[in-house]
Amino acid sequence: MTKNRKYLININQLRNGFSLIELIIVIIILGIIIAASSSRLRDITVNARVSAAVNQVTSDIDQAKTISMGMRRQIKIIFNQNNETYTIYKNGNVFSDFPGSNNGVVNLSEDNNSGVDITSVSLNGSNELTFTKWGNCLQSGTIILNNNREIHIKNLTGYWEVINS
């Protein structure tokens, strides 16, 4: 009979659960882990947005070159650092049906790319990138996004490369 009573006491002790101090310690540890991971998550999302913006800009450069050769028209991309946009022109008029644009304008600070900043544009001293009707690039230079991603563009070929600084 004493064995059964001892067994019942052990079962009752198991049903007591966690003490308040144990629960507080677990909550504090979880809070520390969440705080540490949230700052890393913020960095990861900003980097992903900048990478997406770099992909957008470089693919639009390639597409502008291809369209200029295919349509035998001059295509110009004019970058606007003030509102993080660039506008595509065909023969001096806004290229309103340029793929992926909103009436010829691509906004890098909109929706998925919020937090992306065109830090500087230096294309032979201007903010314009021009492709002739033969696909030749008239400027060379650098476009910098968020102070750490540089897109270097070569004259004539329009070849670009991305450098993470």
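A short reminder: the numbers here are calculations on the coordinates, not readings from a lab. Remember, it's a predicted structure, so these values are computed and weren't measured experimentally. Neighbour counts are summed over all protein chains in view; Cβ atoms, including those assigned to glycine, are modelled from backbone coordinates with ideal geometry.
Details
- The chain: angle of helix 20-71 to the longest principal axis, Cα-based, in degrees nearest 10: 20 degrees
- Volume per residue that the Cα convex hull of the chain spans, once the total is divided by residue count, Å³: 181 Å³
- Cα centroid separation - region 43-81 against region 105-157, whole Å: 7 Å
- Where Cα atoms sit under 13 Å apart: lysine pairs in the chain separated by 8 or more or lying on different chains: 7
- His152/Leu30 FRET efficiency (R0 35 Å; Cβ-Cβ; nearest 0.05): 0.20
- Once the Cα-Cα distance is subtracted from the 0.36 nm per residue extended length, the Asn82 to Asn47 segment shows a gain of 10.5 nm.
- Applied to region 78-94, the Karplus parametrisation 6.51 cos²θ - 1.76 cosθ + 1.60 on θ = phi - 60° returns per-residue 3J(HN,Hα) values of 10, 8, 10, 5, 5, 10, 6, 10, 9, 10, 9, 10, 10, 6, x, 10, 4 Hz, with x for Gly and Pro.
- Chain lengthening between Asn103 and Ser126 when straightened (0.36 nm per residue, less Cα-Cα): 6.0 nm
- Max mean-square fluctuation residue, GNM over the chain, Cα-Cα springs under 10 Å, options Ala64, Ala52, Ala36: Ala36
- Sequence-separation-based contact order of region 16-164, relative, with Cα cut under 8 Å and 6+ spacing, percent: 20 percent
- Sum of -39500 (n - 2.57) over DSSP H runs of 4+, divided by residues of the chain (222 nm, nearest 500): -14500 deg cm²/dmol
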